[in-house]
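Below is one structure, written out as structure tokens; comments come after it.
The values are calculated or read from the model by the stated rules, or taken from the named source; none is laboratory data. These numbers come from a predicted model, not from an experiment. Quick reminder, even Gly has a Cβ in these numbers, built from the backbone with ideal geometry, and neighbours come from all protein chains shown.
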Amino acid sequence: MAQCCIHPSILSADFVNLEAELRKISSADAVHVDVMDNHFVPNLTIGLPVVERIQEISRLPLDAHLMIADPDRWAPAYADAGLDSVTFHVEAAAAPVRLARELRKRGAKAGMALKPGTAVEPYLDLLPEMDMLLIMTVEPGFGGQAFLDVTLPKIRRAASAIAGSGLPVAIQVDGGVTEETIQRAAEAGANVFVAGSAVYGAEDPDAAISALRKSAET
Ligand code: DX5
Ligand code: ZN
């Protein structure tokens, strides 16, 4: 998994022109879709009907990041919609292993997300049930925040546990990813990078993606 994956977040895109916004990121590896319910995080975005439509029109795989309460109840429907991966927060899930199995059974990759203040150690034993570990590098809820360097040791510890186990679990980082911070995250062991403002805030989003890719690989 040395290859670097860039997943632009459409949180920073124009929600009224999503089809055109998706065309601007054709060189991305997947589209990161942030679902917020105003309970788990203090912000509200889009829900299942809109995500289903994005899935229908997108040529790229969709990577849903569910920042919602009670993912045990709501996440399986996102897998049913045909998304490539569905990531839920461990802080919100009542039964993360059961939920991950449910997502995989429905054909999606299962992702487990941790807020910056959530330790990874209690969840390492669950990794055989997961395809991806999302380590938040900002407090979830808003785009455009600064990357939290305090999360780097956690990325390192997770990467070394995953490497030691030989499990094919990707490490995604999300929040404050720029051409500069992506280097530190990659060096710590992350291999999937979400970027919202760094991609959609750029004049040429596809050029920003290739700059991020290059930066992660150096
Ligand atoms: C924040 C979201 C992120 C957000 C990242 O809670 O999960 O995906 O879009 O935005 P940037 O890259 O601007 O920090
Ligand atoms: Zn996200």
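What to note about this one:
- Residue-level analysis places V50 among those that are assigned to a helix (DSSP H, G or I), within 16 Å of ligand 2 (Cβ to nearest atom) and either farther than 18 Å from I135 by Cα or of a type outside the set (A, V, I, L, M, F, W, C) (or both).
- Residue ranges of helices (runs of 4 or more DSSP H) in the range 171-218 with at least 2 members over 19 Å from V120 (Cβ atoms), touching a helix residue (DSSP H, G or I) at 6+ places or on another chain (Cβ under 6 Å) and more than 12 Å from ligand 1 (Cβ to nearest atom): 205-217
- Residues that are of a type in the set (D, E, K, R) and crowded, with 21+ Cβ neighbours inside 10 Å within the range 116-150 comprise just one, D131.
- Inter-residue pairs, beta-carbon under 8 Å, first over 17 Å from L99 (Cβ atoms) and in the range 113-124, second modelled with pLDDT of 95 or more and of a type in the set (K, R), 6+ apart: A119/K154; V120/K154; V120/R157; E121/R157
- When D14, D29 are checked against the criterion of being acidic (D, E) and closer than 15 Å to L83 by Cα, a single residue qualifies: D29.
- Take the conditions (1) among the β-branched types (V, I, T); (2) surrounded by fewer than 19 Cβ atoms within 10 Å (Cβ to Cβ); (3) under 25 Å from R53 (Cβ atoms); V86 misses just one of them, which is (2).
- The residues of the range 17-75 that are at positive phi and either at pLDDT below 95 or among the acidic types (D, E) (or both) amount to a single one, D70.
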